[in-house]
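Down below is the structure, laid out as structure tokens.
The values are calculated or read from the model by the stated rules, or taken from the named source; none is laboratory data. Owing to the predicted nature of the structure, the values given are computational and were not obtained by experimental measurement. Heads up, the Cβs are rebuilt from the backbone with ideal geometry, glycines too, and the neighbour counts pull from every protein chain shown.
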Amino acid sequence: MMLKLKFFIIMYYVFLITFESFAIENKVMFKVNNEIVTSVDILQEINYLNMINEDVKRLDKNEVYEISKNSIIKNKIREVELKKYYKNLQLDEKFIEKFMLDYFKRLNLNSLQDLNLFLKKNGINLNDIKKRITVQIMWNELIFKKFSKQVKINKKLIEDEISTKKLQKEFLISEIVFNIKDKNELDTKFKLIKNEIAKSDFSKAAIIYSVSETSINGGKIGWIKESSLSNKIKAELKNTKIGEITRPLNIPGAFIILKVEDKREIQLKLDLNREIEKIIKIKTNEQLDQFSNIYFNKIKKDMKIDEL
């Protein structure tokens, strides 16, 4: 009897420290339409988030659970929608494997075997990563098919802007993209985000509040050329000092807060055509991301999400 008691005490403390109790009993936690999400799914998501970003470990258990739950719901909603357009959610195996190795190359993993061992050490199933990447790629493909014709890029304006410049400004920025139900919530949501930034930092606030794909990386975008930004964002960044954040800016389907990590001026390369194509690609992806957010918010309203 004493041995049993000790065992249960040990398991209780393991739960408090590592979330491993999710794996003790694999039970259904909630449903998205008819797609079930289990306690093992939640544990896998927590392990994945911890692996991708060390900052996740700074969050408390409730915050990590909520972020993991919302991340899974987002993926399940995409999955449900994709099944309306594709019979099978599958891509070429070799393509997926190459994509995974490219994605994780920063971890110095040179083979699928190395990746598999690394994932196992972090409590993550290789097939779950394959499925995650497959859904992401097929979602991007669906968005491109639906909205690529609505993307508007003024190539002439880009040419005129960069052909007359020898130097160009660049901004190192991070983002928090968030949604609200109505404009009355904007001030309240902005205060919550600012309080989290003040209490912790921008990276943690992005993990908690951002709906962008960059949230898992703490909102980091990287260096962005001035010519690839909209006039509204460009003007805002110019007036924002290094280390400071912008006010919430209205973008299609959401609001965005930007943090200026650094600024610099660079010498424009002589290959003008290549530079123009780079900017066009950035602007195209930005607009497709916005269409993706609008479309996701639209289909989410029709999804039935039941916690059990």
Here the qualifying pairs (Cβ atoms under 6 Å; residues six or more apart or on different chains; first in segment 180-200 and assigned by TED's automatic domain parsing to the domain that holds Pro248; second in a helix (DSSP H, G or I) and surrounded by 13 or more Cβ atoms within 10 Å (Cβ to Cβ)) come out as Ile180/Leu186; Ile180/Lys189; Ile193/Ala205; Ile193/Tyr209; Glu196/Ala205; Ile197/Ala205
Do we have any residue at all in segment 32-55 that's under 23 Å from Phe291 (Cα atoms), modelled with pLDDT of 85 or more, among the acidic types (Asp, Glu) and assigned to a helix (DSSP H, G or I)? no
Go through segment 109-130 and give me each residue that's under 22 Å from Asp92 (Cβ atoms), part of a helix (DSSP H, G or I) and touching a helix residue (DSSP H, G or I) at 6+ places or on another chain (Cβ under 7 Å). Leu112, Leu115, Asn116, Leu119, Leu126, Asp128, Ile129, Lys130
Enumeration of residues in segment 185-210 that are out of contact with any helix residue (DSSP H, G or I) (no Cβ under 8 Å at 6 or more places or on another chain) and aliphatic (A, V, I, L, M): Leu186, Ala198
Residue in segment 177-216 that is surrounded by the fewest Cβ atoms within 10 Å (Cβ to Cβ), counting only those that are in a helix (DSSP H, G or I) and among the polar types (S, T, N, Q): Asn184
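What number of residues within segment 135-173 are polar (S, T, N, Q), modelled with pLDDT of 85 or more and in a helix (DSSP H, G or I)?
Number of matching residues: 4.
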Determine the pairs where a residue that is modelled with pLDDT of 90 or more, located within segment 85-99, has a partner that is in a loop (DSSP other than H, G, I, E, B) with Cβ atoms under 8 Å apart, the partner being 6 or more residues away or on another chain. Leu89/Lys83
I'm checking my understanding of the structure. Among residues of segment 55-85 that are among the polar types (S, T, N, Q) and crowded, with 18+ Cβ neighbours inside 10 Å, which one is nearest to Thr134 (Cα to Cα)? Asn75
In segment 217-255, how many residues are within 27 Å of Glu159 (Cβ to Cβ), of a type in the set (Val, Ile, Thr) and not in a helix (DSSP H, G or I)? 3
Among (1) surrounded by 12 or more Cβ atoms within 10 Å (Cβ to Cβ); (2) of a type in the set (Asp, Glu); (3) assigned to a strand (DSSP E or B), where does Asp262 come up short? (1)
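Assess whether Glu244 counts as being surrounded by 13 or more Cβ atoms within 10 Å (Cβ to Cβ), in the same structural domain as Leu192 (by TED's automatic domain parsing), over 25 Å from Trp139 (Cβ atoms) and of a type in the set (D, E, K, R). Full working, then the answer.
Working: surrounded by 13 or more Cβ atoms within 10 Å (Cβ to Cβ): no; in the same structural domain as Leu192 (by TED's automatic domain parsing): yes; over 25 Å from Trp139 (Cβ atoms): yes; of a type in the set (D, E, K, R): yes.
Spelling it out, it is not the case that Glu244 is surrounded by 13 or more Cβ atoms within 10 Å (Cβ to Cβ), in the same structural domain as Leu192 (by TED's automatic domain parsing), over 25 Å from Trp139 (Cβ atoms) and of a type in the set (D, E, K, R).
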Taking segment 76-116 as the region of interest, how many residues are touching a strand residue (DSSP E or B) at 6+ places or on another chain (Cβ under 8 Å) and either of a type in the set (Val, Ile, Thr) or on the phi > 0 side of the Ramachandran plot (or both)? 2
Within the group Leu237, Leu249, which residue is among the aliphatic types (A, V, I, L, M), without any contact (Cβ under 8 Å) to a residue 24 or more places away in the chain and not assigned by TED's automatic domain parsing to the domain that holds Trp139? Leu249
For Gln90, state whether it is among the polar types (S, T, N, Q) and assigned to a helix (DSSP H, G or I). no
